[in-house]
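Everything on this sheet refers to the single structure shown next.
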Amino acid sequence: MSAVGTLETATPLDAPRATGELVLSAWSAVSPFGVGTRAYTEGIRDAGSAVGALDLDTYPGPYEQGALVPGFSAAGALGKKGTRTMDRVTALAVSTVGQLVENCGPRLLDRPERVGLVFGTGSGSVQSIMDFTRDSLTGSRPYLVDPARFPDTVMNRATGQSAIWHGIKGPNTTIAGGWLTGLLALGYAARLYRGGHCDRVLCGAAEEYSVQRAWLEWHAASGGPKPPLGEGGAAWLLEPADEARTAGRTPSARLLGTRFRAYHQPRDAAGALERCVRDALAEAGVSGADVSIVAPLGTEGEESAVLGALPPGAAPRWVRCRPLLGDTSAASSAFQLTAVLAAAAEGHLPPGRLALVTGIDRDGTVGCALLAG
């Protein structure tokens, strides 16, 4: 597992902002439930699984079931211009960010150089990387490859293309951190703002379904569970509370903090996560008794670890995304967080109540995000 960031900025740094309440004031989702916030909210509320049988002629591989964004294609979502060589994860990212920009209102990009974008992927497009490599090895000459497809092989393609497509000119950062990618992107976005690099940040993550990714995930699971795979993208706007109110955006939740730890042996993972949650609650100065929503990744020992960090008798509402969306890899924790925002929009995170988004990654990291109504 890697946690990698690439940062480019052409604007002078402002003074660091050490304090100030940050809120999540808009969000978007392109998911197996469909495109848009309404489809995602209804899917999470109804708790009906979007996992179904795969077309094995199109997706020959080890999985017979999966959760794909229905009817999605780059040209269908974004138009034919500029999408001929666009891979699926880039199209999902551009579409997700576009939905978010639209949901934020027309004045979001009045100063595009002060709006940052922090977006996560797995390794970029595994399919693009493998296809390009294969063409180099099987062609009559190693260099006789389609140069237009080379950009799809780099990790920051989806984030960079999203910024170009929608005119976002502030800091542009790609995060890769396994199942915790969405949480890592959120934590990075908060630091980016606190450091004075931008005035607000769009952040999230996306993942594609492909035969190549399916085989990698199948072998990576080794002797462990192999849930069906899913795909899609989720994103949100992180900004100061007063700026949200000035722009007429109603905050869905307040960000109290993110925490991450590493573990060496699988038996240590649950204890590391429990410590993460305890530390997040303590630093925010809030009580675990006020936690009313928990959105777990769905790994072994995770829920008991969360309960271990909460007071005896705690009975939060559990919002479990993996059974509904499949294993969405790099987009997993982004979909978890977005599920909390969907629940908050329906009144399930009132003022004074807390929500946790948690995860244990199989490659040695754990993490959580603490939100408040």
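The values are calculated or read from the model by the stated rules, or taken from the named source; none is laboratory data. These numbers come from a predicted model, not from an experiment. Cβ coordinates were reconstructed from backbone atoms using ideal geometry, including for glycine residues, and neighbour counts include every protein chain displayed. To get the accessible areas, we keep the full protein, side chains included, count just its heavy atoms, and leave off ligands, DNA and RNA. Shrake-Rupley method; radii C 1.70, N 1.55, O 1.52, S 1.80 Å.
Miscellaneous remarks
- Nearby lysines by direct alpha-carbon distance to Lys169 (threshold 26 angstrom, same-chain neighbours under 8 apart not counted): Lys80, Lys81
- Distances between placed amide hydrogens fall under 5 Å for Ile360 paired with Leu297, Gly298, Thr299, all partners being 5 or more residues away or on another chain.
- Residue-normalised accessible area of the chain, given per residue in Å² at a 1.4 Å probe: 42 Å²
- Label-reachable residues, segment 292-307, where backbone N falls under 14 Å from a point 7 Å from Trp318's Cα toward its Cβ: 293-307
- Spacing of the two label points (7 Å from each Cα toward its C-beta) at Thr138 and Val154, in nm: 2.6 nm
- Over segment 197-293: Kirkwood hydrodynamic radius from C-alpha pairwise inverse distances, Å: 17.5 Å
- Over the chain, the ratio between the Cα radius of gyration and 2.2 N^0.38 Å evaluates to 0.95.
- Max-minus-min Cα coordinates of segment 23-177 on each principal axis give 53, 41, 31 Å, with the largest extent listed first.
- Within-10-Å neighbourhood charge of Gly61 [Cβ basis; K, R +1; D, E -1]: -1
- Once the GluC sites (Glu not before Pro) in DSSP loops with at most 15 neighbouring Cβ atoms within 10 Å are cut out of the chain, the longest remaining piece is 65-299.
- Solvent accessible area, Å² - Leu370, 1.4 Å probe, full protein context: 0 Å²
- Using distinct alpha-carbon pairs, which all enter the 1/r mean, Kirkwood radius of segment 263-310 in Å: 11.2 Å
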